[in-house]
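Read the figures in this text as sums done on the coordinates, not as results from a lab. Here the structure is a predicted model, which means the values were calculated and not measured. Neighbour counts run over all protein chains shown; Cβ positions are idealised from the backbone, glycine included.
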C-alpha cells in the first residue's frame, strides 16, 4: 500500500508543478513582477527538499527522534529534511522553529513552507512541510506511527492550524 501512495503523491506534485509552471514572459513585462507572482514554479532547492521529504514517507515515528535510523518526531523530521536537502540548520523544537523564518498567511502558502498546529493544547506544538494542494508531510504521532502526508482541510488539522513560516531556500 505504501508504494501506490508514494506514487500518487509524486504524481500530484508533478501535476502541481506543471500547473504552476511559468508561462512565457512577454519582452516588455516587468521581470521583478514576474518573479514575485504567485504562479512561479518552485526552485530547484525547494523541489529537492520536497522530493527528499517524500522519500522519507513511512519512516517510523519516535518521540524525540531526529534521524532515519531511529525515527522522527515532527520537529526532528522538519529539521532533518531542511538540513539534508537545503543545508539549513533549524531550531530543535516546533515552537522554536515557529519563531524563525518569515511569518506568512495561510493564503500565501507555497511548497516548502512550514505549517504549524496546536496539537498538545499549546500553540506551535506540531510542524510539517507544505507540499502544495493543501497537503503537507509530517511525522504525525506515535498513534499514527510514521511520517505521512495529510490534508490541511481535514477537520482535525484545519481546527488546529496555528500559522506558517517561510525560509529562504534560494541562497
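Observations
- With neighbour counts taken as other beta-carbon atoms within 10 Å, the residues 110, 159, 143 rank, fewest first, as 143, 159, 110.
- 106, 62 arranged by Cβ crowding within 10 Å, fewest neighbours leading: 106, 62
- Computed lengthening from residue 48 to residue 142, 0.36 nm per intervening residue step minus Cα-Cα distance: 31.1 nm
- Residue separation of residue 102 and residue 121 scaled by 0.36 nm, minus their Cα-Cα distance, works out to 4.5 nm of gained length.
- Relative contact order, percent, region 58-171 [alpha-carbon distance under 8 Å, six or more residues apart]: 29
- Overall form of region 63-171 per C-alpha gyration tensor (a/c, 1.5; a/b vs b/c): rounded
- Relative exposure of 146, 73, judged by other C-beta atoms within 10 Å (fewest first): 146, 73
- Shape call, region 38-99: gyration tensor on alpha carbons, a/c limit 1.5: oblate
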